[in-house]
Amino acid sequence: MLAVYRRHTVIVRSGDPAEIAKELTGEDLERVAYVQVLNVQADLRPLTLWGDAIPVDLVVQHPETDLPLLYQCSQLLARHPVRITVPVVSGFSKVVKLAASLNFTVKLNVSQPEGSQIVEMSQVLEAYLHQPMVSQPIEYFHSMFLAFYRSEPLTLWAVQEEDPAYFRYIADDGIETISGRFAGAKVGHDIAHFPDRFKKELVAERGECSRCELFENCFGYFKWPKREYRCDGVKSLFQLLKDAAHQLKNDLDTFQSGRIEERS
């Protein structure tokens, strides 16, 4: 489908690294935001000899069996920046912690986490905030932490690359939609404004979102696909991020004030 989108910056996904290395050359590479390999069990050697500093996203499908494969994925770091996308399912936190220790950036592929998944997310967040071994971003935590620290507007849709004003997902059948989790869903003809419409609908329902102080950051992200999903767990994670950002800001302000007093 690459030829159809010649005028766009593209994210190219494939299950075959050899296909990526063969088909993406020359001018095509100038339009590539990153390439996405849909299975870390694939033979990655073609990408170690291809291009230079082209961002690569490796998608973990099964955390338990894919975990040891991260060691062989590290060979790509010598040539490209590499991100590991990890689904938030049982056992995912082990993959995230190993990926972080190997110096990969990480993206959490999250929808509507429950119970033990929230527990694991909190463990990952704790590692991101406080463990020295984590020197690369873990998204969505990293971007939201910076947004809270800088008091900047940012939505989870944008962080997770699901804001249709900037990103579109082309399904295997060629249908354009918001992201992989919306494949096959009816989102209306005006895709670009779906998050705004969805937000207004949630507020009009006068439910949980209408009184949530974090709604401007979430924008209803966790209410898809089931609107009845309770956000208590994910709100606690947001609050931890917000508190940590404010604490860092206060600490730096105190430090800077002390330096000014010493000079005076």
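The values are calculated or read from the model by the stated rules, or taken from the named source; none is laboratory data. Keep in mind the model is a prediction, meaning the values are calculated, not measured. Every residue, glycine as well, gets a Cβ built from its backbone with ideal geometry; the counts of neighbours run over all protein chains shown. Heads up: the accessible areas ignore ligands, DNA and RNA and are worked out on the full protein's heavy atoms, side chains in. Shrake-Rupley method; radii C 1.70, N 1.55, O 1.52, S 1.80 Å.
Side notes on the structure shown:
- Within segment 56-72, the set of residues being closer than 16 Å to Thr105 by Cβ and in a helix (DSSP H, G or I) comprises just one member, Leu70.
- Residue under evaluation Val37, criteria (1) surrounded by 14 or more Cβ atoms within 10 Å (Cβ to Cβ); (2) more than 20 Å from Ser179 (Cα to Cα), criterion not met: (2)
- Restricting segment 199-214 to residues that are out of contact with any helix residue (DSSP H, G or I) (no Cβ under 6 Å at 6 or more places or on another chain) and under 20 Å from Phe141 (Cβ atoms) leaves a set whose member that is surrounded by the most Cβ atoms within 10 Å (Cβ to Cβ) is Cys212.
Listed here are the residues, each with its yes/no results for (1) touching a residue at least 60 places away in the same chain (Cβ under 8 Å); (2) hydroxyl-bearing (Ser, Thr, Tyr); (3) part of a loop (DSSP other than H, G, I, E, B).
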site	(1), (2), (3)
Val95	no, no, no
Lys107	no, no, no
Tyr128	no, yes, no
Ala147	yes, no, no
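- Among (1) farther than 21 Å from Pro55 by Cβ; (2) surrounded by fewer than 18 Cβ atoms within 10 Å (Cβ to Cβ), the one test that Val88 misses: (2)
- Where a residue in segment 164-183 is in contact (Cβ under 8 Å) with a residue 40 or more places away in the chain and its partner, wherever it lies, is part of a strand (DSSP E or B) and charged (D, E, K, R), with Cβ under 7 Å and at least six apart: Ile170/Glu176
- For segment 215-232, the tally of residues that are crowded, with 19+ Cβ neighbours inside 10 Å and either under 18 Å from Met121 (Cβ atoms) or in contact (Cβ under 8 Å) with a residue 40 or more places away in the chain (or both) stands at 8.
- Residues of segment 195-238 satisfying the condition of being among the hydrophobic types (A, V, I, L, M, F, W, C), within 20 Å of Tyr166 (Cβ to Cβ) and over 19 Å from the mean Cα position of the chain (by Cα): Phe198
- Looking across segment 1-26, the residues that are aliphatic (A, V, I, L, M) and surrounded by 12 or more Cβ atoms within 10 Å (Cβ to Cβ) come down to Leu2, Val10, Ile11, Val12, Ala18, Ile20, Ala21, Leu24.
- Residues of segment 188-198 classified as open to solvent by less than 40 Å² (accessible area, probe 1.4 Å) and within 16 Å of Phe222 (Cα to Cα), total: 3
- Beta carbons closer than 7 Å, at least 6 apart along the sequence or on distinct chains, pair a first residue in segment 1-20 that is farther than 20 Å from Thr85 by Cα with a second that is modelled with pLDDT of 85 or more and of a type in the set (A, V, I, L, M, F, W, C) for Met1/Ile170; Leu2/Val10; Leu2/Val12; Thr9/Ala33.
- Of the residues examined, Ile170 is not one that is modelled with pLDDT under 95, exposed (fewer than 12 other Cβ atoms within 10 Å of the Cβ) and β-branched (Val, Ile, Thr).
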